[in-house]
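The values are calculated or read from the model by the stated rules, or taken from the named source; none is laboratory data. Bear in mind that the values here come from a model prediction, so they are computed numbers and not experimental data. Every residue, glycine among them, receives a Cβ derived from its backbone with ideal geometry; neighbour counts consider all protein chains shown. With ligands, DNA and RNA removed, areas are computed over all heavy atoms of the protein, side chains included. Shrake-Rupley method; radii C 1.70, N 1.55, O 1.52, S 1.80 Å.
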Amino acid sequence: MIDKRFRYRKKMNKTLFRIIVGGAALAVCIALIVFLTVYHVDDVEIVGNTRNSEEEVKDVALSGPLASNSFLLSVFRKNVVTDELPFVEDIKIEQVSPGKIRLHVNEKQIVGYVRYLDCNMYFDKDGIVVESEVAPDAGENTESTVVEPQQVIVDPVEVVDENETNYHAAVTDVPCITGLTFESVALEEKLPVKDDSVFNTILGIARIVEKYDIMPDQVEFNDKYEITLYYGTIRVTLGVDNLLEEKITRVAAILPKLTGKSGVLHMEDYTKDTVNIIFTEDVPEDEQTDSQEDTLEEDTQEEDTSEEDISEEDTSEEEGSGEDASQEDASGEETLEEESTE
């Protein structure tokens, strides 16, 4: 009898245990289903992305077994670093709500590109080449025509609103950097320039022109690292890396007034006390030819007239020479008398 009771209790305990285990497993499964359902990624917001498509960013950031769960992504994959997107430093994942995440794309700051073997080599603020592409205008002749300048004084302009300029350069992404000398360029390596401080200058220019929305087509450095900005047919000479913020602030205010013109805006000697700025306007070649012909004709007429004037003057001089001599004698006598009197 006792043995039967023991067996019954043992059987009941096993059944109860199975019920408890089964219930716990069911609860875990339900909880897991709820967890996966509630935290399933249904909406993805991407911020800070300007150089890659949203699909490219999603493919990189939302890969792997955790990709569909916002909670697991935000806990175990907060920061994504990849080499698949050359312009991206990293991607930070933020959980906005159970079903929504936000991808913060931290892009490498591309400040310019150099032309090398018909390719545009893009580099960041440290001078590291991060990407290359075949130049769309490779092989085209971009030689500029030398024209005779005329100087114009630009009146001082006060910048009321730093974002109040409607001028847009032809290239609105990053400028072409010219004048730097190097023997070779390689991806993921630093541009081998003589003076690395030029990258700080380029970074400073990039930040300021982006601030005023006046990205130049080209930034040129000469052998003394003096700077010239190119805006279509307008060249802005900034000189050395000095007072760049103040200079470019004035440039931002003046550029809209130079629309349709061609020439050089001289900022190389700018100081905080500068009031007027010189703009040297280019003269087209056809106008130079016409002006030269007009000058030659005027010179010929002037020569004929001068010869006539000279002959008349000679006659008058001969007629009046006697009078002048007598006057000189008289004056000489007066001088002597005055001297003797003294």
Looking at GLY320, is it at pLDDT 90 or above, farther than 27 Å from SER197 by Cβ and open to solvent by less than 40 Å² (accessible area, probe 1.4 Å)?
-> no
Residue list for the stretch 63-86, filter: of a type in the set (A, V, I, L, M, F, W, C), open to solvent by 40 Å² or more (accessible area, probe 1.4 Å), closer than 19 Å to HIS40 by Cα and part of a loop (DSSP other than H, G, I, E, B) = LEU66
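Yes or no, residue by residue, for (1) open to solvent by less than 50 Å² (accessible area, probe 1.4 Å); (2) at pLDDT below 85; (3) under 22 Å from the mean Cα position of the chain (by Cα); (4) closer than 30 Å to THR37 by Cα:
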| site | (1), (2), (3), (4) |
| --- | --- |
| ILE91 | yes, no, no, yes |
| GLY99 | yes, no, no, yes |
| GLY139 | no, yes, no, no |
| ILE153 | no, yes, no, no |
| GLU164 | no, yes, yes, no |
| THR172 | no, yes, yes, no |
Within the stretch 21-71, can you find the residues that are over 30 Å from ILE110 (Cα atoms) and in contact with a helix residue (DSSP H, G or I) (Cβ under 6 Å, 6 or more places away or on another chain)?
-> TYR39, VAL41, LEU66
For GLU220, are the conditions met, namely being part of a loop (DSSP other than H, G, I, E, B) and either among the acidic types (Asp, Glu) or open to solvent by less than 20 Å² (accessible area, probe 1.4 Å) (or both)?
-> no
Considering residues that are part of a helix (DSSP H, G or I), loosely packed, with under 12 Cβ neighbours inside 10 Å and within 28 Å of the chain's Cα centre (by Cα), the number found within the stretch 29-54 is 0
Criterion violated by THR228 - all others in (1) part of a helix (DSSP H, G or I); (2) under 14 Å from ILE177 (Cα atoms) satisfied | (1)
ARG207 vs. criteria open to solvent by 10 Å² or more (accessible area, probe 1.4 Å), over 17 Å from LEU180 (Cα atoms) and assigned to a strand (DSSP E or B) | no
Checked pairs for the stretch 224-239, first farther than 19 Å from ASP196 by Cα, second open to solvent by less than 60 Å² (accessible area, probe 1.4 Å) and charged (D, E, K, R), C-beta under 7 Å and 6 or more apart or across chains, list as TYR230/ASP217; TYR231/ASP217; GLY232/ASP217; LEU238/LYS247
Any residue in the stretch 265-272 that is open to solvent by 10 Å² or more (accessible area, probe 1.4 Å), modelled with pLDDT under 90, over 19 Å from the mean Cα position of the chain (by Cα) and among the acidic types (Asp, Glu)?
-> no
How many of the residues in the stretch 28-52 are at pLDDT 85 or above and of a type in the set (Gly, Ala, Ser)?
-> 1
